[in-house]
Each structure stands twice: as C-alpha cells, then as structure tokens.
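Asker: Input: one structure, supplied below.
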Amino acid sequence: MAWKKPSAAERALSDLLSARGLDVSWAKIRRWREFGALPWQPARGLGRGAGSVSGLTPDSAVAVEALALATTGKKRLEKAVLQAFTVHPRCAEAFVATWVPLPERGVRKALLWYVSQDLGGAVALAERAAEGAGDDPNRRAEAAYAAAHAYYLKQYHRVRRRTDGSSSSG
C-alpha cells in the first residue's frame, strides 16, 4: 500500500518528539494513529472533491510522547499501549497515579491482543477445556468451570506457600 505524504499534524508530532530528543518517524505516528492509539480530531470535509483534514487534540502530544518512550527497543505496539495506559513510561514504578489520554479504541485492541496471547491464564485454560468437552453446552460449562477452579486453587496455594514461608522466616 502506498502511503500519502505526512499530514501537517503528523509532521507536527514528529517535530515535537524530535525537539524532546525522541526520534520517531511520521510513518510510525501514522501507524499509531491508524491503530487507534492516538487521540485525534475526527476528519472534516474540505468541500466536494477537496478531501478532508483532521488535526490534533490537546492530549495528542502527551499520548505520542508516552508511546514514543514505551516503544523503544522494538516493543509491540499493543504492549506499549498497555504500558502507557497503566503507567507513564517516564515513571519508574507501575501504577503510579499518572494519566496518559489514550483513546478507548486503542486500549481495547491492545487488551484483546493481550488476552489472546495469554495461553496460561484462567480464561485460556477454561476456553481450551470447553472446546475439548464436546458440543453439549452443560458439559462445556462444567469443563470451563472445573478448569478455572483448578487454576485459581493452584494460584491460591502458590500465594499461600509464599506468604507462609516468608512469615515463618521472620
């Protein structure tokens, strides 16, 4: 697919990042935008046959900087979106009370990707158990319940062993 030249907004964000010492191409900014990870004003028509224009929101600069910091080292965009959603990449600790204004669409896509990648989690185990239980909806539900119950029971005992072991050593 041939890309059009960068829009004024894409160039402005690329220039802003360059001024802050972050080297991000306008093509990468466009990919973030198309994914839904950047706040952007809706396109408005310029008149019949004249095309359309869309621009930045006041939150665009904050979000693009957070994504630029989070995508260093060839990190997947989905992981970067989730990192920026939970903690601003300039903060060292997770879940610090910061706010990066990411659009809901991008966060939802990243979360769906994350859940689909988690093959060892309770949801994935329950789905696999249900798939292997045949076509009967009751058997499928029972298999999913049993798999989820076993998963959480295992997690409970794992945490309990850790906490019991740490309290006895003190």
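Asker: Assess whether Arg30 counts as being out of contact with any Leu (no Cβ under 9 Å at 6 or more places or on another chain) and open to solvent by 80 Å² or more (accessible area, probe 1.4 Å).
Answerer: It is false that Arg30 is out of contact with any Leu (no Cβ under 9 Å at 6 or more places or on another chain) and open to solvent by 80 Å² or more (accessible area, probe 1.4 Å).
Asker: I'm checking my understanding of the structure. Among residues of segment 113-133 that are acidic (Asp, Glu) and open to solvent by 80 Å² or more (accessible area, probe 1.4 Å), which one is nearest to Ala144 (Cα to Cα)?
Answerer: Glu127
Asker: Additional query: Just for segment 134-159: of the residues that are open to solvent by 90 Å² or more (accessible area, probe 1.4 Å) and touching a helix residue (DSSP H, G or I) at 6+ places or on another chain (Cβ under 8 Å), which one is nearest to Ile29 (Cα to Cα)?
Answerer: Tyr152
Asker: Filter segment 24-73 for residues that are of a type in the set (Gly, Ala, Ser) and in contact (Cβ under 8 Å) with a residue 12 or more places away in the chain and give the result.
Answerer: Of everything in segment 24-73, those that are of a type in the set (Gly, Ala, Ser) and in contact (Cβ under 8 Å) with a residue 12 or more places away in the chain turn out to be Ala27, Gly36, Ala37, Ser54, Gly55, Ser60, Ala61, Ala63, Ala66, Ala68, Ala70.
Asker: Do we find a residue being within 22 Å of the chain's Cα centre (by Cα) and open to solvent by 50 Å² or more (accessible area, probe 1.4 Å) anywhere in segment 1-18?
Answerer: Looking through segment 1-18, none of the residues is within 22 Å of the chain's Cα centre (by Cα) and open to solvent by 50 Å² or more (accessible area, probe 1.4 Å).
The values are calculated or read from the model by the stated rules, or taken from the named source; none is laboratory data. In this text, all values refer to a predicted model and were calculated from it rather than measured experimentally. Positions of Cβ are generated from backbone atoms using ideal geometry, with glycine treated the same way; all protein chains shown enter the neighbour counts. For accessibility, only protein heavy atoms count, side chains too; no ligands or nucleic acids. Shrake-Rupley method; radii C 1.70, N 1.55, O 1.52, S 1.80 Å.
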